[in-house]
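Asker: Quick one: structure below, then a few questions.
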Amino acid sequence: MMQSQILAMPMSIEDTGIERNLLMGLVVKAMHVSGFSNIPDLTRNLKLSRSVVHTLLEDMREMALVEFLGIASGDPASEMRFNLTSKGHGWATDALAQSQYIGPAPVPFEAFCAQVENQNILNERVNQSALSKSLADLVLPDGLVHRLGPAVNSGRSILLYGPPGNGKSCIAEAFGGAFQQTIYIPYCIEVDGQIINFFDEAVHRPVSAPSLTSENTSLLRSKAHIDPRWVHCFRPVVTTGGELTLGMLDLTYNTNARFYEAPLQLKATGGVFVIDDFGRQQTKPQDILNRWIIPLERGTDYLTLHTGKKFPVPFNELVVFSTNMSPVELADEATLRRLYYKVEIPIPTRDDYARIFANICRQHNIELQAETLTYLFESFYSDKSIPLAGYHPKYIVEQVISMCEYHGVPVNLSPDLIKMACYNLYAT
């Protein structure tokens, strides 16, 4: 698997790119709150090299912030233990008053920007095989994948539109699986002395460490020297829906903890950002699109600290809007032309519907008879003029399973059970 440029572990305070006092504040807070008392504990918590932590502790000892307690036992291999002095605890209290952030040391904002460029999503080209594989679980119309491929490779913006329940959201989220390169995500970033929490376990998926074999011993050795302030991850897929507001696209400042949380689009850097159910937000679609005009065209977004400092951040991601609305209902023509790819996801044909139904039945080990589909098409869709939808088969089968389990009978797709499921589907 291809990956972005490897970052070397800083071996000195200067190499970290972070001010000494900020690092020292992280050390005293970790010792004060978490009770860490030796170098291994601090290196694991702060994601700094042993040499950097040792230097910080030596400086703190000279400042009478810490005292050496000796080793934990008579074993010479045991680690030296440290303890905060009363002055050190005072330092920690002052540091916590400025910011309650405790955890991995941040990376400099400049280093973050440089790494984003190194692992630019435009550096990776998605081929037909990779995209088809990522969409393999979906039944899609002929030719649709060929339309989606150039859009994914553009790294610009895509509008997926069409009737609800036909796979737009699944398609958008599957785009992330088409990218094969891995990237490095910082735990947090330092900007103008402020800490922005970046790594999010809910959206960032770390690459599992390989097992130790003769083939990857050299790789493991190189990974041991990577800056631990960065997490080796797959390209992220960040999804938001009807809950999206313009405020969620700005830095979130916790007034109590006094540090920031990166907004959604920043966490999606280097990956895919999906705005699902576009048009159902409380904010007007035109206003949301206006927010993206400069980032989409210039590759730069702007964020603001609570101090008033405004600064540019890289905007490097594939943005996908998914909507049930017609494009002309979303925005004016001038705005829509800035959405470079507009792809309609139609309702399934009868053949595609039958394939979807067969796949769902196969997953549940249910026998599907041709008469079942005939009954559905003639008694439900044709008679009641209800359009086909890709989500119907899963809904119907799950309803039938629930009814069979309730009545204690083997799962079967009898006309009566399907009829009841269809009543729940559209209440007709």
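Asker: Given all pairs of different Cα atoms, what value in angstroms does the Kirkwood hydrodynamic radius of the range 19-104 take? Walk me through the numbers before you get to the answer.
Answerer: On the way: mean 1/r = 0.0782 Å⁻¹.
In the range 19-104 this quantity evaluates to 12.8 Å.
Asker: Here is a further query. From the residues Pro285, Thr252, Leu330, which one has its Cα farthest along the dipole of the range 247-339 in the positive direction, the dipole being from +1 and -1 charges on Cβ of Lys/Arg and Asp/Glu about the Cα centre?
Answerer: Thr252
Asker: Tell me whether the range 109-344 comes out rounded, prolate or oblate; compute the Cα gyration tensor, take square roots of the eigenvalues as a ≥ b ≥ c, and use a/c under 1.5 as the rounded threshold. Provide the component values of the computation, followed by the final result.
Answerer: On the way: a/c = 2.06, a/b = 1.15, b/c = 1.79.
Note, shape of the range 109-344 comes out oblate.
Asker: A further question on this structure: At what distance in angstrom do the alpha carbon centres of the range 344-397 and the range 25-69 lie from each other?
Answerer: 63 Å
Asker: Once you sort the root eigenvalues of the Cα gyration tensor of the range 114-160 as a ≥ b ≥ c, which label holds: rounded (a/c under 1.5), prolate (a/b larger than b/c) or oblate (the other case)? Walk me through the intermediate numbers first.
Answerer: Working: a/c = 2.86, a/b = 2.03, b/c = 1.41.
Note, shape of the range 114-160 comes out prolate.
Asker: For a footprinting-style exposure proxy, rank Lys168, Lys29 by other Cβ within 10 Å, fewest first. All intermediate terms of the calculation are to be shown ahead of the outcome.
Answerer: Numbers: Lys168 27, Lys29 23.
Least to most surrounded, the residues fall as Lys29, Lys168.
Asker: Based on C-alpha coordinates, I'd like the Rg and Dmax of the range 270-340, in Å.
Answerer: Answer for the range 270-340, Rg first and Dmax second: 13.3, 41 Å.
Asker: Taking H as built 1.01 Å from N, whose amide H comes closer than 5 Å to the amide H of Val66, not counting residues under 5 places away?
Answerer: Here Arg61, Thr85 satisfy the definition.
Asker: Separate question: Find the relative contact order for the range 245-388 and round it to a whole percent, using C-alpha pairs within less than 8 Å whose residues are 6+ positions apart. Intermediate results must be reported in sequence, preceding the final value.
Answerer: On the way: 130 pairs, mean separation 29.8, N = 144.
Over the range 245-388, the number comes to 21 percent.
Asker: Take every DSSP beta bridge with both residues inside the chain and express the antiparallel ones as a percent of the total, to the nearest 5.
Answerer: On the way: 25 of 47 bridges.
The antiparallel fraction comes to roughly 55 percent.
Asker: Moving on to the next point. Within 10 Å of each residue's Cβ, count the other Cβ atoms and sort His146, His54 from fewest upward. Please report the intermediate quantities before stating the final value.
Answerer: On the way: His146 11, His54 15.
By the 10 Å Cβ count, ascending, the order reads His146, His54.
Asker: Lysines near Lys47 by alpha-carbon distance under 16 Å, same-chain residues fewer than 8 away left out - which ones?
Answerer: Partners within reach: Lys29, Lys223.
Asker: Follow-up question, since we're still on this one. Using modelled amide H (1.01 Å from N, peptide plane; none on Pro or chain starts), what sits under 5 Å from the amide H of Leu159, excluding residues fewer than 5 places away?
Answerer: Amide H to amide H, under 5 Å and 5 or more residues apart or across chains, Leu159 pairs with Phe321, Tyr341, Lys342, Val343.
Asker: Binning at 5 Å from 0, report for the range 315-428 what percent of all alpha-carbon pair distances ends up in each bin.
Answerer: 2, 9, 18, 18, 13, 10, 8, 8, 7, 4, 2, 0
Asker: Sort 136-145, 179-188, 258-267 by packing, meaning the average of other beta carbons within 10 Å per residue, with the highest value first. Can you show the working numbers first?
Answerer: Numbers: 136-145: 14.4, 179-188: 22.0, 258-267: 20.3.
Going from most to least packed, we get 179-188, 258-267, 136-145.
Asker: Show the residues, 5+ positions off or on another chain, whose built amide H is closer than 5 Å to the amide H of Thr252.
Answerer: Amide H neighbours of Thr252: Glu261.
Asker: Mind checking which aspartates and glutamates have their C-alpha under 15 Å from Lys394, skipping anything on the same chain fewer than 8 residues away?
Answerer: List returned: Asp137, Asp352, Glu367.
Asker: Another question about this same structure. Along the charge dipole of the chain, pointing to its positive end and built from +1/-1 on Cβ of Lys, Arg, Asp and Glu, which listed residue (Val409, Ser51, Leu144) has its Cα farthest out?
Answerer: Ser51
Asker: I would also like to ask the following. Over every pair of different alpha-carbon atoms in the range 82-152, take the mean of 1/r and invert it; report that Kirkwood radius in Å.
Answerer: Working: mean 1/r = 0.0572 Å⁻¹.
Hydrodynamic radius (Kirkwood, Cα pairs) of the range 82-152 is 17.5 Å.
Asker: Here is a follow-up. Can you give the local net charge around Ala8? Use residues other than it whose beta-carbon is closer than 9 angstrom to its beta-carbon, Lys and Arg +1, Asp and Glu -1. Walk me through the intermediate numbers first.
Answerer: Numbers: positive: none; negative: Asp15, Asp227.
In short, -2.
Asker: What is the order of Asp287, Asp41, fewest Cβ neighbours within 10 Å to most?
Answerer: Details: Asp287 11, Asp41 18.
With the fewest neighbours first, Asp287, Asp41 line up as Asp287, Asp41.
Asker: Using only the alpha carbons of the chain, determine the length spanned along each of the three principal axes and report them from longest to shortest in whole angstroms.
Answerer: Per principal axis, max minus min of the Cα coordinates gives 86, 55, 43 Å.
Asker: In terms of Cα to Cα distance under 26 Å, which lysines are near enough to Lys284, apart from those fewer than 8 places away along the same chain?
Answerer: Within the straight-line limit of under 26 Å, Lys284 reaches these lysines: Lys168, Lys267, Lys310, Lys342.
Here, each number is a calculation from the coordinates, and none is a lab measurement. Note that the structure is predicted; figures quoted are calculated from it, not measured. Neighbour counts run over all protein chains shown; Cβ positions are idealised from the backbone, glycine included.
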